[in-house]
1. Helix-only mean residue ellipticity at 222 nm, the chain, DSSP H runs n ≥ 4 weighted -39,500 (n - 2.57), per residue, nearest 500. What is it?
2. I'd like to know how the range 26-67 sits against the 2.2 N^0.38 Å rule of thumb: what's its Cα Rg over that expected value?
3. When the Karplus curve 6.51 cos²θ - 1.76 cosθ + 1.60 is applied with θ = phi - 60°, which whole-Hz ³J(HN,Hα) does each residue of the range 6-13 get, with x for Gly and Pro?
4. If I take every Cα pair under 8 Å that is 6 or more residues apart in the chain, average their sequence separation and divide by the length, what percent do I get for the relative contact order?
5. Karplus couplings for the range 51-67 from phi (6.51 cos²θ - 1.76 cosθ + 1.60, θ = phi - 60°), rounded to Hz, Gly and Pro as x?
6. Can you give the net charge of the other residues whose Cβ lies under 15 Å from the Cβ of residue 22, counting K and R as +1 and D and E as -1?
7. Within the set of other residues whose C-beta is less than 11 Å from the C-beta of residue 12, count the net charge using Lys and Arg as +1 and Asp and Glu as -1.
8. Between residue 39 and residue 21, 0.36 nm times their residue separation minus their Cα-Cα distance comes to what?
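Just so it is clear, none of the values below were taken in a lab; they were calculated from the coordinates. Please read all numbers here as calculations on a predicted model, not as lab measurements. In this analysis, Cβ positions are derived from the backbone assuming ideal geometry, glycine residues included, and neighbour counts consider all displayed protein chains.
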Amino acid sequence: MKEYKVDNLTIIWQPEKCTHAGVCSATLPNVYFPKERPWIRPENATVEELKNQINLCPSGALSFRED
Ligand code: SF4
């Protein structure tokens with residue numbers, strides 16, 4: 001499990017659940033870079049955009065927590 005923080009939002013990614021469907025990178029191409037490390041750059045979108053996108057992840061690999 002990996003965590004990526006931006007402002008009061010923590011994005012949680014569980015790689016074992018990810019089906020690599022690519023919905024995340026298709027929805028927010030400036031945030032998700034599947035071939036690079038770190039592959040999530042949450043500073044490139046607003047918290048609202050990130051939350052909306054995370055809710056679209058079909059496998060539940062992406063989730064978030066607000067601190
Ligand atoms: S949308 Fe979810 S399941 Fe699809 S590649 Fe992104 S993290 Fe993985």
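1. Details: 2 runs with 13 residues, N = 67.
Estimated from H runs of four or more residues: -4500 deg cm²/dmol.
2. 1.11
3. So the J values, rounded to whole Hz, are 8, 6, 9, 10, 10, 8, 10, 10.
4. On the way: 95 pairs, mean separation 28.3, N = 67.
Across the chain, relative contact order equals 42 percent.
5. So the Karplus estimates, Gly and Pro as x, are 5, 4, 5, 4, 5, 8, 4, x, 9, x, 5, 9, 8, 9, 9, 9, 8 Hz.
6. On the way: positive: 17, 35; negative: 36.
Counting the neighbours of residue 22, the net charge comes to +1.
7. Values: positive: 2, 5, 17, 65; negative: 3.
Result for the local shell: +3.
8. Working: separation 18, 0.36 × 18 = 6.48 nm, distance 1.48 nm.
Extra length available between residue 39 and residue 21 comes to 5.0 nm.
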